[in-house]
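A quick write-up on the structure given underneath.
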Amino acid sequence: VQLQASGGGLVQAGGSLRLSCAATGINFNLYRMGWYRQAPGQQREWVADISRSSGTNYAESVKGRFTISREMGKNTLYLQMNSLRPEDTAVYYCKAVRGTIVNWGQGTQVTVSS
């Protein structure tokens, strides 16, 4: 099982980035997928998730700015991040869940400068 996150980088406040998470070794269609983030010195926090039927949920801190989506044919999860703020700076991780099976990606760094 591999979850390969990419798309992070350095962006100015107000800018946008799109993260991708390519899944291999799992039946992507059967997993609930999510994005989490971890800032330096802080605990990992949930950002957003998307169900098998593409129902979505968002943390209040990103609602209206971030959009999670999934492309079944490409086994890929996305996170479109708009209106980025310095407090969005963190390592972003993707997560795949099916029942008690949990898989994490390796993370991609997002840095937002003020």
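The values are calculated or read from the model by the stated rules, or taken from the named source; none is laboratory data. Predicted model, so just to flag it, every value in this text is computed and none were measured. Neighbour counts are summed over all protein chains in view; Cβ atoms, including those assigned to glycine, are modelled from backbone coordinates with ideal geometry. The protein model used for the area step is the full one, side chains on, heavy atoms only, and it has no ligands, DNA or RNA in it. Shrake-Rupley method; radii C 1.70, N 1.55, O 1.52, S 1.80 Å.
May I ask what percent, to the nearest 5, of DSSP beta bridges between residues of the chain are antiparallel?
On the way: 39 of 43 bridges.
The antiparallel proportion sits near 90 percent.
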Exercise for the section: Please give the per residue volume of the convex hull enclosing the alpha carbon atoms of the range 55-94, rounded to a whole number of Å³. Expected result: 81 Å³
Handout entry: Listed residue (GLN12, PHE66, LEU84) projecting farthest to the positive dipole end of the chain, Cβ model
Key = PHE66
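Can you work out the FRET efficiency for the pair SER113 and LYS63, with r the C-beta to C-beta distance and R0 = 25 Å, to the nearest 0.05? Let's see the in-between values first.
Numbers: r = 23 Å, r/R0 = 0.92.
So the FRET efficiency works out to roughly 0.60.
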Problem - Convex hull volume per residue in cubic angstrom - Cα atoms of the chain - result: 93 Å³
Completion exercise
Computed for the chain: size of charge dipole around the Cα centre, +1 on C-beta of each Lys and Arg, -1 on C-beta of each Asp and Glu, debye to nearest 20, value 240 debye
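When the accessible area of the chain is split by element with a 1.4 Å probe, what percent falls to carbon and sulfur? Can you show the working numbers first?
Details: 2650 of 5850 Å².
Carbon with sulfur: 45 percent of the solvent-accessible area.
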Handout entry: Å² per residue, accessible surface of the range 26-68 at 1.4 Å
Key = 54 Å²
